[in-house]
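Structure record follows, encoded as structure tokens.
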Amino acid sequence: GHRLVSLDYSQIELRILAHVAQIPALKQAFREGVDIHAMTASQMFGVPVEGMDPMVRRRAKAINFGVIYGISGFGLARNLRIPRAEAQAFIDTYFERFPEIRAYMDRTVAGAKENGFVRTLFGRRIMTPGINQSGPAAGGAKRAAINAPIQGAAADIIRRAMIRMPEAIRDLPARMLLQVHDELVFEVEEGAVSDLIGVAREIMQGAAEPAVHLDVPLIVDAGQGANWAEAH
């Protein structure tokens, strides 16, 4: 008589990146509900969004998500199974189209080197040991410093949602089971699935407020099923 319900933030790290790096094209795309990967592909490769080759979109998607983690030409080449030089050219073109991302990266690394930590949007410190090292370890430390404010802010947001959730759903025949990355999983009586989704989605989409007002909306996708796979 119960269902599992999954509510998952849609592209939350890219949305946070658009906000913290102040990228006008990405912010506008998120506000308008545009397919962000298709938009990126169009910007990078000069092709129209309508009728886009799925492979072109896939390449843009790999770069969009990879750049958050400081992906290298080698890593992108491996992911897309293309020559390293071609992958590096994609990354170079990406930074040409979105110079605000490079500026954010440089600014964040410089701050980490000076202070020994970075901060999320909510002020939480994340230490950056090894940021001033040289050699192979330096690259990993820089990538971690770049990613930490973004991934850390996403973690802060879902934690804020979780704190508010028990009170919000206390009158529903439902319980929050667990959190998986950017997703919350609930068990709920079949007749209350829609009510649970409505309440939980509202809490999750507004979780950054009032501490932080994001320039882009947070969107939460929902699914349900007899098991976790079906709920996706």
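Every read-out reported here was derived from the displayed coordinates using simple, explicitly stated rules and does not represent laboratory data. Treat the numbers as computed from the prediction; the structure is a model and nothing was measured. Ideal geometry is used to build each Cβ from the backbone, glycine not excepted, and the neighbour counts take in all protein chains shown.
Descriptive notes on the structure:
- Residue list for the range 26-47, given a label point 7 angstrom along the Cα-to-Cβ vector of A103 and an amide N cut-off under 16 Å: 26-28
- DSSP H segments from the chain that extend 27 Å or more along their own axis, Cα-based, with Kyte-Doolittle mean of -1.0 or above: 136-168
- For K27, a cut-off of 14 angstrom between C-alpha atoms picks up these aspartates and glutamates, skipping any fewer than 8 places away in its own chain: E13, D35, E100, D215.
- Per-selection Kirkwood Rh - the range 102-201 (Cα, Å, 1 d.p.): 15.8
- Anchor K113: lysines whose Cα lies under 17 Å away (excluding residues fewer than 8 positions away in-chain): K142
- Among R125, R102, R170, residue whose mean-square fluctuation peaks in a GNM of the chain (springs only between Cα atoms under 10 Å): R170
- When the Gaussian network model of the chain links Cα atoms closer than 10 Å, the mean-square fluctuations of A110, A87, A192 top out at A192.
- Residues with amide H under 5 Å from that of I169, placed H, sequence gap 5 or more: none
- Label selected from (i) 19.3; (ii) 18.5; (iii) 17.9, the criterion being Kirkwood radius over Cα pairs in Å as computed here: (i)
- Relative contact order computed over the chain (Cα-Cα under 8 Å; 6+ residues apart), in percent: 33
- GNM on the chain, alpha-carbon springs under 10 angstrom: the most fluctuating residue among E50, E189, E209 is E50.
- Cα gyration tensor category, rounded, prolate or oblate, for the range 1-74 with a/c compared to 1.5: prolate
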